[in-house]
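Please read the structure below before turning to the comments.
The values are calculated or read from the model by the stated rules, or taken from the named source; none is laboratory data. Being a predicted model, the structure only gives us computed values, none of them experimental. In this analysis, Cβ positions are derived from the backbone assuming ideal geometry, glycine residues included, and neighbour counts consider all displayed protein chains.
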Amino acid sequence: MHRVQCVCVCELEKAGLLNKTKIAEGGRKLRKNWNPSWVVLVGNSLVFFKDPKSQNPDSWKPGNSRPESSVDLRGAQLQWADDLSSRKNVFKLRTITGNEFLLQSETESLIREWYRTIQNVIDRLDKE
Ligand code: I3S
């Protein structure tokens, strides 16, 4: 009897709409500017796309729309940051290069899921 093994080569872990603001660049504080962002977790990176209205789960694929920016999760740190905003359900992502972002959702379960998934990637990279 033959066995067929399916191997998934797709590295896309998660995608969705979150509110985002960058609060520091290379350790230098920035003025907040909250905007909705289509966020894609793929491989070791968190990729941000502008204009979520025109985005869909295929948008991250090569050849499709260009990302606004991306963040290398190796060495990054996550922490809940309700103290850094009047918004609820906010966490802070700090990259190894000292860039800091706040990510937020009105839906608590959704932001918790994002936090857990990103933390898992960071932990995995820490062990490599
Ligand atoms: O950290 P802050 O000062 O409470 O952040 C708020 C301000 O940055 C505000 O901008 P201006 O100071 O340029 O008016 C933003 O519009 C708010 O969204 C910021 O607060 P939240 O609590 O939304 O993160």
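Checking 42, 9, 4 one by one, the residue that is among the β-branched types (Val, Ile, Thr), at pLDDT 90 or above and away from the ligand (no atom under 16 Å from the Cβ) is 42 and no other.
In the stretch 94-114, the qualifying residues are those that are buried (at least 18 other Cβ atoms within 10 Å of the Cβ) and of a type in the set (Ser, Thr, Tyr), and the one that is nearest to residue 69 (Cα to Cα) is 95. Taken as a whole, the stretch 90-107 holds no residue that is assigned to a helix (DSSP H, G or I), away from the ligand (no atom under 16 Å from the Cβ), more than 12 Å from the chain's Cα centre (by Cα) and touching a residue at least 60 places away in the same chain (Cβ under 8 Å). Of 74, 66, all but one fail to be modelled with pLDDT under 95 and more than 16 Å from the ligand (Cβ to nearest atom); the exception is 66.
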